[in-house]
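The values are calculated or read from the model by the stated rules, or taken from the named source; none is laboratory data. Since we're looking at a predicted model, the values are computed, not measured. Here Cβ is always computed from backbone atoms with ideal geometry, including for glycine, and neighbour counts include all displayed protein chains. Remember, those area values only see protein heavy atoms, side chains included, never the ligands or the DNA or RNA. Shrake-Rupley method; radii C 1.70, N 1.55, O 1.52, S 1.80 Å.
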Amino acid sequence: MNIHEYQAKELFEKYDVASPNGQVAGTAEEAEAAARAIIANGGGKQLVIKAQVHAGGRGKGTFKNGFQGGVHLVETPEQIAEFAEKMIGQTLVTKQTGEEGKLVSKVMIAEAVDIERELYLAILMDRETCRPVIVASTEGGMDIEEVAESTPDKIVRQFIHPLAGLQGYEVRKLAKALELTGDQAKQFGKLIKNLYSLFLKSDCSMVEINPLVVTPDGDILALDAKFGFDDNALYRHPDIVAYRDTDEEDPREVEASKFDLNYIGLDGDIACLVNGAGLAMATMDIIKHYGGDPANFLDVGGGASKEQVSAAFKIILGDPKVKGILVNIFGGIMQCDIIAEGILAAAKETGLSIPLIVRLEGTNVAQGRELIANSDLDVITAESLNDAAQKAVAAVSA
């Protein structure tokens, strides 16, 4: 799960991570009022207005109404209202949104700060070592992927022992790598310790600050932030779940979550319905191997019901690019005859008109195959995964 920048600021405030004052607004009038409130509380000479979408590259983005940029510096509340009017309710296109862009429903108004230096700071979970890793660079404000490719020596990685936690010498090493000394190093030490506490206690998968800025007065501030959370741990954080903005997510993924289905939309035309994440990945790989393109990752889990299978079919058919469906089930806890009943019921209910390829194996496989064979539906059956993938590729290419 991801959150908006203004929500990240709320978490920063909760964990005492230094960041400029900011407020969120859903209308031009609210934006102007927020600007006046920030100025009244001692805000600086300039303010910044930022479009709130789950995507990076907002500053260089373009609205479909022709307005340029999702981030602007302004000087008066009246200008804030003018810019908010051009941004709220409009679609912003950036490198990360794709051509379809994202609808801007809110903007954040914040105090603009003078910047002397821009740094990069992130805490991630490293899958290879199964440890948190802090990534830092003096090249803030840029795409970290670009920095890694062009000047990899400017990126520092500090792995943290999950039991020992963040150590003082590790903080000093990072401060030195970012060329911070004296009071700035002390401020950074407080910030990174509080940020690491936020990362652990909120079950984050990623916290990225880009840029982390040094002001001319020597203050260290988190200027922009991006969060990712471990979905499997969200049951422990109802306050974070409340931040969820389903308008920013793929509607199919939102619908799938209602039925405890793991769905991710892709760009291909062969839809997959599989039980088990590993088997789903293998199914996608073998479709590619035989020249096809998977339309989705869809794991119905180890004990899916007929209702879940029916819901999965409806979600799959909601993608206009889908030309065929490959069902690959290995029955363990899940019984093949139950899956077959769900497949047939869903196909009839949705009036399925595209090729359906089914490969069943495991518990009650004979009963499942018999149900499909005796149905009046035109189902293409397969004996193996290789056979199923080849038939699926051939069916959508016909």
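For this structure, a couple of remarks:
- The lone exception for residue 352 - which of (1) under 32 Å from the mean Cα position of the chain (by Cα); (2) open to solvent by 50 Å² or more (accessible area, probe 1.4 Å) it fails: (2)
- Qualifying residues in the stretch 273-297 (those that are in a loop (DSSP other than H, G, I, E, B) and touching a residue at least 40 places away in the same chain (Cβ under 8 Å)) - the one nearest to residue 334 (Cα to Cα): 275
- Matching residues, the stretch 238-272, being in contact with a Ser or Thr (Cβ under 9 Å, 6 or more places away or on another chain) and in a strand (DSSP E or B): 263, 272
- Just one residue in the set 392, 347 is touching a Leu at 6+ places or on another chain (Cβ under 7 Å) and in contact (Cβ under 8 Å) with a residue 40 or more places away in the chain; that residue is 392.
- So residue 140, is it in contact with a strand residue (DSSP E or B) (Cβ under 6 Å, 6 or more places away or on another chain), in a loop (DSSP other than H, G, I, E, B) and either open to solvent by 40 Å² or more (accessible area, probe 1.4 Å) or under 30 Å from residue 172 (Cβ atoms) (or both): yes
- Across the stretch 190-197, not a single residue is classified as aromatic (Phe, Trp, Tyr), assigned to a loop (DSSP other than H, G, I, E, B) and more than 18 Å from residue 6 (Cα to Cα).
- Close pairs from the stretch 102-126: first free of Cβ contacts under 8 Å to residues at least 60 places away in the same chain, partner open to solvent by 20 Å² or more (accessible area, probe 1.4 Å) and polar (S, T, N, Q), Cβ under 7 Å, at least 6 apart: 104/90
- Test set (1) in contact (Cβ under 8 Å) with a residue 24 or more places away in the chain; (2) in a helix (DSSP H, G or I); (3) open to solvent by 20 Å² or more (accessible area, probe 1.4 Å); (4) not β-branched (Val, Ile, Thr) - residue 208 fails condition number: (2)
- Number of residues in the stretch 222-233 that are crowded, with 20+ Cβ neighbours inside 10 Å and not aromatic (Phe, Trp, Tyr) equals 4.
- Elements of type strands (runs of 3 or more DSSP E) in the stretch 22-118, at least 1 residues being polar (S, T, N, Q), open to solvent by 10 Å² or more (accessible area, probe 1.4 Å) and in contact with a Leu (Cβ under 8 Å, 6 or more places away or on another chain): 91-93
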